[in-house]
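The values are calculated or read from the model by the stated rules, or taken from the named source; none is laboratory data. This is a predicted model, so every value here is computed, not measured. Cβ coordinates were reconstructed from backbone atoms using ideal geometry, including for glycine residues, and neighbour counts include every protein chain displayed. All accessible areas refer to the heavy atoms of the entire protein, side chains included, with ligands and DNA or RNA removed. Shrake-Rupley method; radii C 1.70, N 1.55, O 1.52, S 1.80 Å.
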Amino acid sequence: MKKYILYFIVLAAINYKALSQALPYKNSKLPIEERVKDLLSRMTPQEKFWQLFMIPGEVNDADSAKYVNGIFGFQVSARSGNGDASDQMLKYNATENASILAKKINRIQKYFIEKSRLGIPIIAFDEALHGLERDGATAFPQSIALAATWDTSLMKQVAQAIAEETKLRGIRQVLSPVINIASDVRWGRTEETYGEDPFLTSQMGVAFVSAFEKNGIITTPKHFVANVGDGGRDSYPIHFDERLLDEIYFPPFKACIEKGGARSIMTAYNSVDGSPATANSWLLQKILKGDWNFSGFVISDAAAVGGSNVLHNTSPNNAVSAQQAITNGLDVIFQTAYEHHKLFDPPFFDGSIDQKRIDDAVSRVLRAKFELGLFENPYVPEENVSKINMKAHKELAKKAALESIILLKNASLPGQKNKILPLNKNIKSIAVIGEDATEARLGGYSGPGNNKINILDGIKESIGKARKMLYAEGTGIKNEDWVVIPPEYLFHNENNKKEKGFKGEYYNNILLNDSPFVTRTDMQIDFHSTFNSPARGMKNDFYSIRWQGVLISPATGNFKIGLDGDDGYRLYVNEKLIIDNWKKQTYTTSLVDYSFQKNKEYNIRIEFYEPAGNGKLKFIWNVNANNNWQQKINAAVAAARKCDVAIVVAGIHEGEFQDRASLALPGHQEEMIQQIAAIGKPVVVILVGGSAITMNSWLDKIPAVLDVWYPGEEGGRAVADVLFGHNPSGKLPVTFPISEAQLPLVYNHKPTGRGDDYYNLSGLPLYSFGYGLSYTTFDYSNLKFNKNNISKTDSSQVNFTLKNTGAVEGDEVVQLYIRDVIASVARPVLELKGFQRIHLKPGETKDVSFMITPEMLTMLDE
């Protein structure tokens, strides 16, 4: 009898397996659309919802039941999740790191293939802006630096290298590239873009996207459609007319879809003409999926769906936000935690969202998974990680850095003939000054890089022991006058016992009255609330907070103590009011002198109210602040006096939601440059950062300036090579203004009705888009067209001769601009329509040509 039972069990298993394999959606020989339709017909409402929900996360044995209905995919954490040795990933090399992640993603994929009812695989996704954002991955120069190369073939090579490192780990979607137009360089995310021009951005974006898509990795150009508004502020509302969108902001997205093959798009946080971009039917349904026939899927930016009720105030709650977003064309909700699904899933089950729209969204996701081949080949071959040629990728990172560096200024000292750069080989001593010389900053959305080389080490390596080199830290980008008071000095009394942190009472009014809505312990007073309310359930504006506790001084002396923030605040020390700014006001820093004794306790009360949102408050002092900046400058000047040449490395602070009101070098770096320049030695300033920098107070005193952006993990070597002879050839992808008063300032603006200048300032930039010097000179001659008159369907070729008339070899980036002399509507004063990077030896000539096509001359009529 037991034999028969066993026989039937085996037979049933075989039959089930055969039946499973016979299901149309599992038949790889059928057209993808048939497979999508069949699979969709078998899915429950819960399974459909989870294909439209993506989060950072993973599946462990303890919580595997949470994912019985599947999920779109995960941004898988770097660590193993099992507490084993692989949690110490930073100790491993690049290949080992890749292997660990590949095994982990395979394990997660195996769960969904074998344990979920329908066996729908996940898409593992991550960021890969200028290198996969992972330990062990190559960190290439930041996006704005790649744009500064004006080299699409190099961009393809970089993207191919990143794609290889990405796919070998099992990651099949990247949330890149950023193809927003950097229309205002105050925007903190300018570094992530390819600059201000739609043509250059399109060319670079297509080169990036096509390399990934051909490798079977979905790209996600973002943020649709514009992520910077008035004042250069991140995610600020935009009210652009359709002509402006069509001419400037749409082209990179359209090109990445039609020419690059992008299969996903990410929406922006901001609103477009009053509707959140994440729930904008005109943008997502009419333009993207209608006019452009986009067949891929649209994802939100992280937590953006809920942002419609928190920030835009266009829905009463998260559920309605989800209903609005999906109904109006969003396909996948990107959230930051599993638990958030409860906030967004009700409209998927109560009929609030039309079933056809849900099925359309799910079909788009399933189509992508079938196209990736995940149903047939869900696992990445773990042995392939050893095939990563990290040495070649490092060499490519250096090549990209070399091509991106821009020579902004190169003059000689008074009375001397030779220009400062490249540095003379006879120089016997060099002073390198500045924190950024040792930081090797990589820019936003970057992994840690592999054995990254900073500028100081690059110079050391280049000059060897033959020359003397001094390093002085100097002053840097950070605020050196005060610091946020650290947690180790803050306490409160709880049940006659001293506990860490201050007790915070949060009120749902601005008067600190009635009972607190919530009471909690805050370890440090460094408060900032924009995206969310101060505490769950509270309003995100019209609130007040009272913090109370004990401050223990670590030192004796007269110090400054105070508050840094916006709107109303008060500070009491030992029940005495020492700062009173109890009024709605702009952002201010208030510091007062106070005498402290070491280890003595001081009773503190801080009161704060915020009537309009964007609340920010910091409890600050200058105890242990790095406020000896003048001494640091003195040491830097002393080092410069002892050497033949001084190299000052200066940088900026920027990033996501880190917009800059001032484009000047932060901190006391400008004072440092001025004081070093005053000694009369040759000085080279190296600028580190991803956007424009104003230089009014020091440029005329400095003979040579290099902009090196964030040059990647091999950046130090590239910078050293340029200093000592490699010919720089980068060109600006953004305009550098003289002053913030000129902003927004882009090269391709339309003609003015009167003039460009101000009464007390030129309307022209400091350095224009496309600008960049060389160690050699180039001559353009014999310009001619093969046709001087063309019809609407004709093309004309423009030809000319390019010659290197200098003494060293170098690259010239030839740029083709078009201007419409007479048109039915105002046209830009210049429009970039082509570019070529050409290498020439001294005295060498080359015939260069561009084809001017009808597409280049097309414009929108009235």
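Given R₀ = 45 Å, what would the calculated FRET efficiency be for Asp273 paired with Tyr572, taking r from the Cβ atoms and rounding to 0.05? In this case the efficiency is close to 0.45. Just so you know, the Cα atoms of the range 259-321 work out to an Rg and Dmax of 12.3, 40 Å.
Classify the range 360-426 as rounded, prolate or oblate from the Cα gyration tensor: take a ≥ b ≥ c as the square roots of its eigenvalues, call it rounded if a/c is under 1.5, otherwise prolate when a/b beats b/c and oblate if not. Because a/c hits 1.5 or more and a/b fails to exceed b/c, the range 360-426 counts as oblate. Here the extension length gained between Lys750 and Ser791 equals 12.2 nm, from 0.36 nm per residue of separation less the Cα-Cα distance. Computed about its Cα centre, the charge dipole of the chain is approximately 1960 debye, with only Lys, Arg, Asp and Glu carrying charge at their Cβ.
For a label point 7 Å from the Cα of Leu761 along Cα→C-beta, name the residues of the range 659-694 whose backbone N is under 12 Å from it. Residues 662-664, 694 fall inside that zone.
Shape summary: the range 492-628 maps onto an equivalent ellipsoid whose semi-axes, from the alpha-carbon gyration tensor, are 25, 18, 13 Å in decreasing order. One compactness figure for the range 285-383 is 1.21, namely its Cα radius of gyration divided by 2.2 N^0.38 Å.
Across the options Tyr710, Gly306, Ala163, the greatest Cα extent toward the positive end of the charge dipole of the chain (unit charges at beta carbon of Lys, Arg, Asp, Glu) belongs to Ala163. Please work out the FRET efficiency for the pair Asn215 and Lys539, using the Cβ-Cβ distance as r and a Förster radius of 35 Å; give the result to the nearest 0.05. The pair Asn215/Lys539 has a calculated efficiency of 0.15.
Over the chain, dividing the summed -39,500 (n - 2.57) contributions of all DSSP H runs of at least 4 residues by the number of residues returns a 222 nm mean residue ellipticity of -7500 deg cm²/dmol. Of Gly449, Gly504, Gly568, which is farthest along the charge dipole of the chain in the positive direction, counting Lys and Arg as +1 and Asp and Glu as -1 at C-beta? Among Gly449, Gly504, Gly568, the one farthest towards the positive end of the dipole of the chain is Gly449.
For the range 613-692, the square roots a ≥ b ≥ c of the C-alpha gyration tensor eigenvalues yield an a/c of 1.5 or more together with a/b not exceeding b/c, which makes the shape oblate. About its Cα centre, the dipole of the range 378-469 is roughly 720 debye, where the only charges are +1 on Lys and Arg Cβ and -1 on Asp and Glu Cβ. Kindly identify the range 699-820 as rounded, prolate or oblate by the Cα gyration tensor criterion: order the square roots of the eigenvalues as a ≥ b ≥ c, call it rounded if a/c is under 1.5, otherwise compare a/b with b/c, prolate if a/b is larger, else oblate. The shape class here is oblate. Projected label points at Glu656 and Ile822, each 7 Å from Cα along the beta carbon direction, are separated by 5.1 nanometres.
Among the protein heavy atoms of the chain, carbon and sulfur supply 49% of the accessible surface, probe 1.4 Å, non-protein parts ignored.
Protection proxy ranking, highest mean first, for peptides 650-658, 148-156: 148-156, 650-658, where packing is the per-residue count of other beta-carbon atoms within 10 Å, averaged. Each 10 Å bin, from zero up to the one with the longest distance, holds this percent of the alpha carbon pairs of the range 401-552: 8, 20, 21, 15, 14, 13, 7, 1.
Averaging 1/r over each pair of different alpha-carbon atoms in the chain and inverting the result gives 30.0 Å, the Kirkwood hydrodynamic radius. Computed from the Cβ-Cβ distance with R0 of 41 Å, the FRET efficiency linking Asp360 to Ala638 stands at 0.05.
With 0.36 nm allotted per residue and the present C-alpha distance subtracted, the Ser429-Lys29 stretch has 137.0 nm of extension available.
Annotation for Ser386 and Lys833: the two label points, set 7 Å from Cα along the Cα-Cβ direction, are 5.4 nm apart. Looking at the chain, the accessible area is 42 square angstrom per residue; that uses a 1.4 Å probe and ignores ligands, DNA and RNA. Cα-based values for the range 632-760, radius of gyration first and Dmax second, are 16.7, 55 Å. In plain terms, the chain from Asp481 to Thr845 could stretch by 125.5 nm, reckoned as 0.36 nm per residue minus the Cα-Cα distance. Could you list log10 I(q)/I(0) for the range 171-282 at q = 0.09, 0.11 Å⁻¹, which the Debye formula gives when each Cα is one point scatterer? Log-scaled intensity ratios, in q order: -0.21, -0.31. Length, then width, then depth: along the principal axes, the Cα atoms of the range 517-565 run 42, 20, 14 Å. Compactness ratio for the range 112-169: Cα radius of gyration over 2.2 N^0.38 Å (N = residue count) comes to 1.51. Placing a label point 7 Å from the Cα of Asp350 along the Cα-to-Cβ direction, the residues of the range 291-327 whose backbone N falls under 13 Å from that point are 316-324.
So which of Lys289/Lys387; Lys214/Lys289; Lys399/Lys632; Lys750/Lys787; Lys103/Lys394; Lys222/Lys342 end up more than 30 Å apart by C-alpha? Result: Lys289/Lys387; Lys399/Lys632 exceed 30 Å. Shown for the chain are the DSSP H helices of 15 Å or more along their axis, judged by Cα atoms, with a mean Kyte-Doolittle hydropathy of at least -1.0: 2-22, 32-42, 94-115, 152-167, 198-214, 355-371, 390-404, 629-641. Any idea what diffusion coefficient the range 774-862 gets from Stokes-Einstein, in µm²/s, Kirkwood Rh on alpha carbon pairs, 4 °C, 1.567 mPa s? Estimated via Stokes-Einstein, D reaches 88 µm²/s.
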